[in-house]
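Input: a single structure, listed below in structure tokens.
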Amino acid sequence: MPLPDLHLVTDRTACPDLPARLAAALAGAPPGRVAVHLREKDLPGGALLALGWPLLEVCRRRGARLLVNDRLDVALALGADGVHLPAAGVPPAEARRLLGPAALIGVSCHGAAEVERARQGGASFATFSPVWDTPSKRSYGPPQGLEALAAAARLGLPLVALGGVDPENAAQAYGAGASGVAAIRAWLAGPDPAGAVERFLAARG
């Protein structure tokens, strides 16, 4: 199955009703083109699992895939479609052994060396960030830029551009070699989540 083009990352602090927002965002999205990342780093396992169930229901209904960030135990409990790991986290091969051969295994990468390690480790894809400036990624240093994204993409692992990506610049990320794009604020903060998703997908063509 092809990798999703658009990765929607959650942030419950930006939206009081994540399941409703997600259902609205996915209303017109073709099945298979969107992945949802359950990413709530401050939540303990039980609370993360409780939040994951209604999101999983929406994903199943709309044909999207659900990934859990970092927490393999929660991904297993939910029967999620995969997991997204930190660069220094559980090796991708171990995650795949636990989740099965069809699982999507992503790795967060912030430079070419991390992308190469993820590729050699058997990851399905990696996020590459930050491409542009964004508040949530400033702790990782200045933006990588499109040239760094293009160089990392040439290593052969599918890359998802993250960090300051919006429907207006997503085409530039694809032009630099990204196989997908990821968004947090662009789908959570605006008045029209379905429209934002539609524009992201249109940027891919």
| query | Filter the range 1-24 for residues that are part of a loop (DSSP other than H, G, I, E, B) and more than 17 Å from the chain's Cα centre (by Cα); which is surrounded by the most Cβ atoms within 10 Å (Cβ to Cβ)? | reply | C15
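Okay, residues lined up against (1) modelled with pLDDT of 95 or more; (2) under 14 Å from the mean Cα position of the chain (by Cα); (3) closer than 18 Å to L85 by Cβ; (4) surrounded by 15 or more Cβ atoms within 10 Å (Cβ to Cβ):
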| residue | (1), (2), (3), (4) |
| --- | --- |
| G141 | no, no, no, no |
| A153 | yes, no, no, yes |
| G175 | yes, no, no, no |
| R185 | no, yes, no, yes |
| A202 | yes, no, no, no |
| query | Of A27, A80, which residue is modelled with pLDDT of 95 or more, of a type outside the set (V, I, T), part of a loop (DSSP other than H, G, I, E, B) and closer than 21 Å to A186 by Cβ? | reply | A27
| said: On the basis of being without any contact (Cβ under 8 Å) to a residue 60 or more places away in the chain, touching a Leu at 6+ places or on another chain (Cβ under 9 Å) and surrounded by fewer than 16 Cβ atoms within 10 Å (Cβ to Cβ), does G45 make the cut? | reply: no
| Single unsatisfied condition, R117 versus (1) more than 14 Å from the chain's Cα centre (by Cα); (2) within 29 Å of T13 (Cα to Cα) | (2)
| Does R33 satisfy the criteria of being surrounded by fewer than 21 Cβ atoms within 10 Å (Cβ to Cβ), at pLDDT 95 or above, under 26 Å from H110 (Cα atoms) and among the charged types (D, E, K, R)? | yes
| query | Do the conditions hold for G164, that is, is it part of a loop (DSSP other than H, G, I, E, B), exposed (fewer than 15 other Cβ atoms within 10 Å of the Cβ) and in contact (Cβ under 8 Å) with a residue 24 or more places away in the chain? | reply | no
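The values are calculated or read from the model by the stated rules, or taken from the named source; none is laboratory data. Just so you know, these numbers come straight off a predicted model, no measurement behind them. Note that we place each Cβ from the backbone using ideal geometry, even for glycine, and neighbour counts take in every protein chain shown.
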